[in-house]
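Engineer: One structure is given below, represented as structure tokens, and several questions about it will come after.
The values are calculated or read from the model by the stated rules, or taken from the named source; none is laboratory data. Just so it is clear, the model here is predicted, and its values are computed rather than measured. In this analysis, Cβ positions are derived from the backbone assuming ideal geometry, glycine residues included, and neighbour counts consider all displayed protein chains. Calculation scope for accessible area: heavy atoms of the full protein, side chains included, ligands and nucleic acids excluded. Shrake-Rupley method; radii C 1.70, N 1.55, O 1.52, S 1.80 Å.
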Amino acid sequence: MFAAAYPVRVDGTLDRNLSRWLWLVKWFLALPHYVVLAFLWMAFAVLSVVAFFAILFTGRYPRAIFDFNVGVLRWTWRVQYYAYAALGTDRYPPFSLRDDPGYPARLQVEYPQRLSRGLVLVKWWLLAIPHYLVVGLFVGGTYAAGHVAGGLVGILVLIAAVLVAFTGSYPEPVFDFVLGMNRWVLRVAAYAALMTDRYPPFQLDMGGTDPGSTLSLDTLPEACDIR
């Protein structure tokens with residue numbers, strides 16, 4: 001049942017006909033996204049502070065701020081998936097905060113009707129520390145603004161890029177592991193951004209399809225979707 005699924009869903013569909021050499025210039029092609037995301041993440045940080053006080057005093061995450069912040073995470077995930085957090089597609093990411101069902105990378109976060117006023121004081125720093133250690137191992141640096149600096153993700157994506165260049169194929173086990181690590185990181189990002197009180201599982205859900213996405217989004221009235 002969906003109640004057992006984590007409320008942050010991260011999906012990615014691997015393109016089967018990846019260019020052998022496009023990955024060499026994706027850093028350049030993605031520059032416009034990096035510039036926009038730098039400003040979006042500044043707004044994300046400011047609005048998260050506003051949301052912190054709103055939750056502290058009302059127990060609710062303002063819906064407009066929630067939708068915007070989820071949109072920033074969604075935009076970031078699409079750029080990361082295109083570029084060096086996955087290299088899973090050659091389709092250029094849309095400049096949009098909205099969900100794009102046709103794009104091979106998707107991120108959804110259920111809107112919480114109520115949030116704990118007490119947890120908001122500690123979950124983003126104290127409770128999340130064990131996950132931060134794991135995330136540091138995975139990405140080795142910042143995960144914002146559409147890029148990954150080192151870590152296991154960076155190493156595996158580089159290996160995948162070399163294999164694509166010489167064989168034309170992205171090894172599926174590598175892809176599954178990369179997606180699992182990205183999914184873990186984005187779950188922690190949403191938790192630290194106060195979007196859910198559900199503690200992220202210490203669980204590497206590998207593969208392109210999130211376990212929570214096996215249930216149609218049409219049956220989830222609280223699923224976040226900016227329209």
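Engineer: Which residues, counting only those in the range 3-44, are out of contact with any Gly (no Cβ under 7 Å at 6 or more places or on another chain), in contact (Cβ under 8 Å) with a residue 12 or more places away in the chain and more than 21 Å from ARG91 (Cα to Cα)?
Structural biologist: PRO7, VAL8, ALA38, LEU40, TRP41, ALA43, PHE44
Engineer: Restricting attention to the range 73-116, which residues are in contact with a Cys (Cβ under 9 Å, 6 or more places away or on another chain) and either part of a loop (DSSP other than H, G, I, E, B) or open to solvent by 30 Å² or more (accessible area, probe 1.4 Å) (or both)?
Structural biologist: Within the range 73-116, ASP99, GLU110, TYR111 qualify.
Engineer: Exactly one of these conditions fails for PHE66: (1) open to solvent by less than 60 Å² (accessible area, probe 1.4 Å); (2) over 29 Å from LEU158 (Cβ atoms); (3) free of Cβ contacts under 8 Å to residues at least 40 places away in the same chain. Give me its number.
Structural biologist: (3)
Engineer: Give all pairs with beta carbons closer than 6 Å in which a residue from the range 74-90 that is without any contact (Cβ under 8 Å) to a residue 60 or more places away in the chain meets a residue that is β-branched (Val, Ile, Thr) and not in a helix (DSSP H, G or I); count only pairs at least 6 apart in sequence or on separate chains.
Structural biologist: Listed pairs, sorted by first residue: TYR82/THR89.
Engineer: Checking the structure you have, find out if any residue of the range 77-96 is in contact with a Leu (Cβ under 6 Å, 6 or more places away or on another chain) and closer than 15 Å to ARG9 by Cα.
Structural biologist: yes
Engineer: If you check VAL134 against the conditions, is it in a helix (DSSP H, G or I), closer than 26 Å to SER19 by Cβ and open to solvent by less than 40 Å² (accessible area, probe 1.4 Å)? It would help to see each step written out before you state the result.
Structural biologist: Numbers: in a helix (DSSP H, G or I): yes; closer than 26 Å to SER19 by Cβ: no; open to solvent by less than 40 Å² (accessible area, probe 1.4 Å): yes.
Here the answer is no, as VAL134 does not meet what is asked.
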